[in-house]
Amino acid sequence: MIYPIYIYGSSVLRKVAEEVAPDYPELKEFASDMFETMYESDGVGLAAPQIGKSLRMFVIDADSFSKDYPEGKGFKRVCINPEILERSDDTWFFNEGCLSVPGVHEDVERPSEVKVRYFDENFVEHIEDLDGINARVFQHEFDHLDGNVFTDRLAPIRKTLLKGRLQKMSKGNYKAAYRCKQVK
Ligand code: CO
């Protein structure tokens, strides 16, 4: 099942999401729906709040980046109740976008490497060291679970320049090539 994507200005994108219980009904089916929704809109990551569910869960498939970022090859994950255990001091900039903020792409600075913990759709725990594009996408999606979007992380000057556009978007003035909605 393909869900509509919730757009900037929707209140669910600003909430701190709830932990997922191990007996959450039809979790595997929900994860598979999240992948389907993400692929339909050509995304590389999708967090549950982006489809209106305030849950600490996201899916990633960085494989489409693997030509430029080999670490992305086969990096397909369901991450439930994730945590970032360690962040490297060194950082890098990458031009990010977000399905919930259509048409906006900005360079965002984030730690280059992270050590993470999460549960998969079978509620098996994983601890992984991520770098490159994998660390990047994980951190972008993780932000969504705490009510943050990538534009919050821009330098003040970039935020000021984007302000009008984001205000318009939050008032319903946006275009996207996929099914979406805005719920205040
Ligand atoms: Co996003």
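The values are calculated or read from the model by the stated rules, or taken from the named source; none is laboratory data. These figures come from a predicted structure and were not determined experimentally. Don't worry about glycine lacking a Cβ; one is built from the backbone with ideal geometry, like all the others, and counts go over all protein chains shown.
Here are some notes:
- Condition broken by Tyr3, with the remaining ones in (1) within 18 Å of Gln182 (Cβ to Cβ); (2) aromatic (Phe, Trp, Tyr); (3) surrounded by fewer than 16 Cβ atoms within 10 Å (Cβ to Cβ) satisfied: (3)
- Scanning region 60-77 for residues that are within 16 Å of the ligand (Cβ to nearest atom) and touching a residue at least 40 places away in the same chain (Cβ under 8 Å) yields Ile60, Ala62, Phe65, Arg77.
- Total residues in region 9-51, condition touching a Pro at 6+ places or on another chain (Cβ under 8 Å) and either within 22 Å of Asn173 (Cβ to Cβ) or within 14 Å of the ligand (Cβ to nearest atom) (or both): 4
- Residue match in region 165-180 (condition: away from the ligand (no atom under 16 Å from the Cβ), in a loop (DSSP other than H, G, I, E, B), touching a residue at least 24 places away in the same chain (Cβ under 8 Å) and over 26 Å from Tyr3 (Cα atoms)): no
- Just one of the numbered conditions (1) within 15 Å of the ligand (Cβ to nearest atom); (2) among the hydrophobic types (A, V, I, L, M, F, W, C); (3) within 26 Å of Met169 (Cα to Cα) is not true of Phe93: (1).
- Here Phe123 meets the list (1) in a loop (DSSP other than H, G, I, E, B); (2) within 14 Å of the ligand (Cβ to nearest atom); (3) within 19 Å of Lys53 (Cα to Cα) almost entirely, failing just condition (2).
- Residues satisfying the criterion are present in region 42-54 (criterion: out of contact with any strand residue (DSSP E or B) (no Cβ under 6 Å at 6 or more places or on another chain) and exposed (fewer than 14 other Cβ atoms within 10 Å of the Cβ)).
- For region 126-155, filtering for residues that are in a helix (DSSP H, G or I) and either at pLDDT below 95 or more than 14 Å from Glu109 (Cα to Cα) (or both) leaves 5.
- Pair list, Cβ < 6 Å and 6+ apart or interchain, from region 98-114 residues that are free of Cβ contacts under 8 Å to residues at least 40 places away in the same chain to residues that are buried (at least 21 other Cβ atoms within 10 Å of the Cβ) and not aromatic (Phe, Trp, Tyr): Glu113/Ala135; Val114/Leu130; Val114/Ala135
- Hits in region 57-88 (condition: small (Gly, Ala, Ser) and loosely packed, with under 14 Cβ neighbours inside 10 Å): Gly74
- Screening Asp146, Asp129 for residues that are out of contact with any Lys or Arg (no Cβ under 8 Å at 6 or more places or on another chain) and either of a type in the set (Asp, Glu) or under 20 Å from Leu13 (Cβ atoms) (or both) leaves exactly one candidate, Asp146.
- Qualifying residue in region 78-88 (condition: closer than 23 Å to Lys181 by Cβ, modelled with pLDDT of 95 or more, within 14 Å of the ligand (Cβ to nearest atom) and of a type outside the set (Val, Ile, Thr)): no
- Index of the failed condition, Thr91 passing every other in (1) surrounded by fewer than 21 Cβ atoms within 10 Å (Cβ to Cβ); (2) over 25 Å from Ser112 (Cα atoms): (2)
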